[in-house]
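Working notes, structure below.
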Amino acid sequence: MPNDLFIAPSILSADFTRLAEATAMVEEAGADLIHLDVMDGHFVPNLTIGPPIVKALKRVAQRPLDVHLMVADPDRTAAWYVDAGADLVTIHIEASTHTHRTLSAIRAGGAKAGITLNPGTPASAIAEVLPFVDLVLVMSVNPGFGGQSFIETSVAKVAEIRGMCRKLGIEPRIEVDGGIDALTAPRVVRAGADTLVAGNAIFCADDPVAAIQGIRRSVLAEMV
């Protein structure tokens, strides 16, 4: 198991009337990041949060805010989330026209920059921008809704991206989002992931604290 395995609970699955409490709960349970899914109803068929929620959570969160933009025009809107206090802003390669420029602007604004791939997008699509990112997010479900089943081909994609990074001599974090639980987590970590997003597996569990700890233990058990 990576010494710095990060667990990033996704508040998409939390009770939106109690986001501050949900954030505090998962932080106390050992969350390393707070994952915020921004959806615009265009790039994905769902509508969630915007900069005001990011700004509000920044006031109460003790962990970095990991903001995933599932929006049609990240080149125009990424700066909004940097200004709102996001510590990391991830954009989709499928939605960005000026990807290098936008990633550079995110970093220049003081946040870390990430690039995301949908399940149907090959790893090769991000080859040109890999040297300019702090994180690669592999979607292991089709983005838009929580509670979907893990797509099996995601494991090979994680391994391919980790291999691409080794050849370039770079070490961005590799994050996986979708269907992550105590069963799938060890598989993607073994392939090269070091950051795991989990929504329903945590917030819909009878004991969210135990769920976070269970995901971490499952990885440890497989890696020893």
* Structure fact -> the range 85-100 scanned against label point 7 Å out from His42 along Cα→C-beta; backbone N under 13 Å for 95-97
* Order these peptides, 113-126, 135-148, 42-55, by their mean beta-carbon neighbour count within 10 angstrom, highest first. => 135-148, 113-126, 42-55
* Rg/Rh ratio calculated on Cα atoms of the chain (Kirkwood radius) -> 0.93
* Find the relative contact order for the chain and round it to a whole percent, using C-alpha pairs within less than 8 Å whose residues are 6+ positions apart. => 21
* Asked: Once phi is turned into θ = phi - 60°, what whole-Hz ³J(HN,Hα) does the Karplus curve with 6.51, -1.76 and 1.60 give for every residue of the range 125-140, x standing for Gly and Pro?
  -> 5, 9, 4, 6, 10, 3, x, 10, 10, 9, 8, 10, 9, 9, 7, 9
* Evaluate E = 1/(1 + (r/R0)^6) for Ala24 and Arg217, where r is the Cβ-Cβ distance and R0 equals 22 Å; express this FRET efficiency to the nearest 0.05. => 0.50
* Can you tell me the accessible area per residue over the range 83-153, all protein chains present, probe 1.4 angstrom, in square angstrom? -> 41
* **Value of Rg/Rh across the range 96-224 [Cα atoms, Kirkwood radius]** => 0.99
* Structure fact -> When all Cα-Cα pair distances of the range 1-126 are considered, the percent exceeding 21 Å is 39
* Asked: Which FRET efficiency value, to the nearest 0.05, is calculated for Val209 and Arg166 with the Förster distance at 35 angstrom and r the Cβ-Cβ distance?
  -> 0.50
* Run the accessible area of the chain with a 1.4 Å probe and give the carbon-and-sulfur part as a rounded percent. => 53
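The values are calculated or read from the model by the stated rules, or taken from the named source; none is laboratory data. Since the structure is predicted, the reported quantities are computational estimates derived from the model, not experimental observations. Reconstructed Cβ throughout: ideal geometry from the backbone, glycine too, with neighbour counts over all protein chains shown. All accessible areas refer to the heavy atoms of the entire protein, side chains included, with ligands and DNA or RNA removed. Shrake-Rupley method; radii C 1.70, N 1.55, O 1.52, S 1.80 Å.
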